[in-house]
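Scroll down for the structure; my scribbles are underneath it.
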Amino acid sequence: MTVSSVGAVTQAQGAAAQNGITKGGAPEMDYDAFLQLLVAQMKNQDPLNPAESTEYIAQFATFANVEQSIQTNTRLESMMTVSALTQADALIGRTLTSLDGATRGTVTSIRAVDGGIQATIEGGETIMLGDGVSVA
């Protein structure tokens, strides 16, 4: 890869970043951004030493595998939430006590929230289900 092609790829990466694609945290690179990077790489490759077509095929295959893994993880996470809600449903009508003992009451409803399952007790207070929460 020549200096000009590195600059073009860097510009494509900058455009991808402006479109909400981040490198850290949750993977957010979509198929269009991947194609932008690939086209920039192809346009700016050294004509005397072009990249092999097998390299491009490997890049497509790798991206497809990553994309499929992300979709699988999303579906698995959804299934785990449904399973947790189904199990937590058995807590309705039972008495919960928070880890610190400050909150105690009979469970009236259960809901999934960011970070886990939350039980609402009589009076409207909530308890996050997790280690240390006791059930009676």
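Could you list, in sequence order, the residues of region 103-120 that are surrounded by fewer than 11 Cβ atoms within 10 Å (Cβ to Cβ) and outside any loop (DSSP other than H, G, I, E, B)? First the steps, then the outcome.
At the first step, the residues of region 103-120 found to be surrounded by fewer than 11 Cβ atoms within 10 Å (Cβ to Cβ) are 113-115.
If the condition is that a residue be surrounded by fewer than 11 Cβ atoms within 10 Å (Cβ to Cβ) and outside any loop (DSSP other than H, G, I, E, B), then 113 is the only one that fits.
Run residue 51 past the list (1) part of a helix (DSSP H, G or I); (2) hydrophobic (A, V, I, L, M, F, W, C); (3) more than 18 Å from the chain's Cα centre (by Cα); (4) not assigned by TED's automatic domain parsing to the domain that holds residue 114 and report the number of the one that doesn't hold.
(1)
Please find, among 90, 64, the residue that is of a type outside the set (Ser, Thr, Tyr), in a helix (DSSP H, G or I) and outside the structural domain of residue 39 (by TED's automatic domain parsing).
Details: 64 fails: outside the structural domain of residue 39 (by TED's automatic domain parsing).
After applying the criteria, what remains is 90.
Criterion first (at pLDDT below 80 and of a type in the set (A, V, I, L, M)) does residue 40 satisfy it? Spell out the reasoning first.
Details: at pLDDT below 80: no; of a type in the set (A, V, I, L, M): yes.
Taking the combined requirement at face value, the residue does not satisfy it.
Being within 27 Å of the chain's Cα centre (by Cα) and in a strand (DSSP E or B) is the filter here, so list the residues in region 121-136 that pass it.
Kept after step one, since they are within 27 Å of the chain's Cα centre (by Cα), are these residues of region 121-136: 126-131.
The answer is 126, 127, 128.
Considering region 33-54 alone, what residues qualify as being surrounded by 11 or more Cβ atoms within 10 Å (Cβ to Cβ) and among the acidic types (Asp, Glu)? Walk me through it before giving the result.
Kept after step one, since they are surrounded by 11 or more Cβ atoms within 10 Å (Cβ to Cβ), are these residues of region 33-54: 33-46, 51.
If the condition is that a residue be surrounded by 11 or more Cβ atoms within 10 Å (Cβ to Cβ) and among the acidic types (Asp, Glu), then 46 is the only one that fits.
The values are calculated or read from the model by the stated rules, or taken from the named source; none is laboratory data. What you see is a predicted model; the values in this text were computed from it and never measured. Every residue, glycine as well, gets a Cβ built from its backbone with ideal geometry; the counts of neighbours run over all protein chains shown.
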